[in-house]
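A.B. asks: Below you'll find the structure I mean.
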Amino acid sequence: MGKVRYLILEDGSYFEGKAFGGDNFKIGKIISNTSMLGYQEILLDNKNSGKIVTLTYPMIGSYGITREGFENMNPYIFGIIVGEKTDGPSNWKSQMTLNEYLQIKNIPAIEGIDTRMLAKKIKKSGELKATFSDTIENLEDVVNELKISLLDENFIEKISVNKPFRISNNGDKILVIDNGCVEEILRELNCRDKDISVVPYNFSSEDILKVHSKGVIISDGPGNPELMTKQVENIKKLIGNIPLFGIGLGHQLISQALDIKVRRLKYSKRGGNYPVKNILTGKIKNVEMNNEFTLKKENLRKDVQITHIDVNSGDVEGIKLDSSFINSIQYKPVYFENEKIEEYETFYSNIAKFEISKKEKKNA
């Protein structure tokens, strides 16, 4: 057995396992993810900034770390917990093992933990603060520090772009507000030959409208939407002036701009197997989610239509407001190259309708 490492939670419980990865121990919120695949994407998902992630799939690391899997190059995750990791990946595309990557990035990890039991504990107790340690001799001090520490929930300013940039194409000009998770949005827009402008999370509404884009996408990202009052006020000034499409955090910010309140879930939704129903078509599909907030149903405006719900919980997962050319979703759209994506098609349709509306007003 290798070096012993401990996972310590703020309720005083601790778990002993085997150390791997780095040793830069930080205090973060412990969460669980039930996905069977995509551990590299989970590591690099900016939604997991400041989190210590429990991966419930029994063995992690079987296909190593590949170049194709990089969504961003600087992960802000604070650690991972696995049942078992392998140092012998079976994948010709693998550039390095999971352990080697974590050592390079100095991200601590632990194996030999009953991750499914830990996931049940998280579901029962809520997402607790946690950290790693190489000893439990000072357990009481560590637990006290966990209890009094304040978690950083403002990672957006660290991971959003610092200044605007453009990806030139021949199609409609689309502006993307970068809250930290834009890679797949850019991939979709690029496939559709859209002329893309990416701007920081705090780009003003006045400057956004000066770009003269056909529509605005507000991306997903980490953090507490209830604390993002400036972004919400910014979005309020855009409503009715340009079509809007929100994803994840962007969905929550748009909703608050429409005076729809959000609430924190007791147990976050994190994984790739959540059934979501499109109320308009009746179709159900499994989607990936990574969120800890949802909309308050009782707070919905009468003119806002629910488009998608979680089949299991009944939570609102998508809305639209036709009069203002808005659609937004909580979950991650499923991307297939050269195939149309329902949620984006709604956005593109709203752009076309908005252009017609502008012409009608001009000719009236």
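The values are calculated or read from the model by the stated rules, or taken from the named source; none is laboratory data. Remember, it's a predicted structure, so these values are computed and weren't measured experimentally. Cβ: placed from backbone, ideal geometry, glycine included. Neighbour counts: every protein chain shown.
A.B. asks: For the range 329-350, name all the residues that are among the hydrophobic types (A, V, I, L, M, F, W, C) and crowded, with 20+ Cβ neighbours inside 10 Å. Let's see the steps before the verdict.
C.D. replies: Step one: list which residues in the range 329-350 are among the hydrophobic types (A, V, I, L, M, F, W, C), which gives 329, 334, 336, 341, 347.
Correct list: I329, F347.
A.B. asks: To continue, here is another question. Can you tell which of T229, T281 is farther than 20 Å from V198 by Cβ, without any contact (Cβ under 8 Å) to a residue 12 or more places away in the chain and within 20 Å of the chain's Cα centre (by Cα)?
C.D. replies: Details: T281 fails: within 20 Å of the chain's Cα centre (by Cα).
That would be T229, the only listed residue that is farther than 20 Å from V198 by Cβ, without any contact (Cβ under 8 Å) to a residue 12 or more places away in the chain and within 20 Å of the chain's Cα centre (by Cα).
A.B. asks: For H212, work out the one condition from (1) closer than 19 Å to E184 by Cα; (2) part of a loop (DSSP other than H, G, I, E, B) it doesn't fulfil.
C.D. replies: Only one criterion in (1) closer than 19 Å to E184 by Cα; (2) part of a loop (DSSP other than H, G, I, E, B) is unmet by H212, namely (1).
A.B. asks: I'd like to know if the range 28-48 contains one or more residues that are in a loop (DSSP other than H, G, I, E, B), farther than 21 Å from N286 by Cβ and in contact with a strand residue (DSSP E or B) (Cβ under 9 Å, 6 or more places away or on another chain).
C.D. replies: In the first step, residues of the range 28-48 are kept if they are in a loop (DSSP other than H, G, I, E, B); the result is 34-38, 45.
Next, from what is left, pick out any that are farther than 21 Å from N286 by Cβ: none.
No, the range 28-48 has no match at all.
A.B. asks: If you don't mind, there's one more thing I want to ask. Checking L139 against (1) farther than 26 Å from G271 by Cα; (2) not assigned by the TED database to the domain that holds G112, which single condition isn't satisfied?
C.D. replies: L139 satisfies all of (1) farther than 26 Å from G271 by Cα; (2) not assigned by the TED database to the domain that holds G112 except (2).
A.B. asks: Could you please find all residues in the range 189-239 being crowded, with 19+ Cβ neighbours inside 10 Å and acidic (D, E)?
C.D. replies: Within the range 189-239, D220 is the sole residue that qualifies.
A.B. asks: Please determine, by comparing only the residues of the range 160-178 that are under 19 Å from H251 (Cα atoms) and not polar (S, T, N, Q), which one is farthest from the chain's Cα centre (by Cα). I'd like the intermediate steps shown before the answer.
C.D. replies: Step one: list which residues in the range 160-178 are under 19 Å from H251 (Cα atoms), which gives 160, 174-178.
Filter again for not polar (S, T, N, Q), leaving 174-178.
On the way: I174: 21, L175: 19, V176: 15, I177: 14, D178: 12 Å.
Top of the filtered list is I174.
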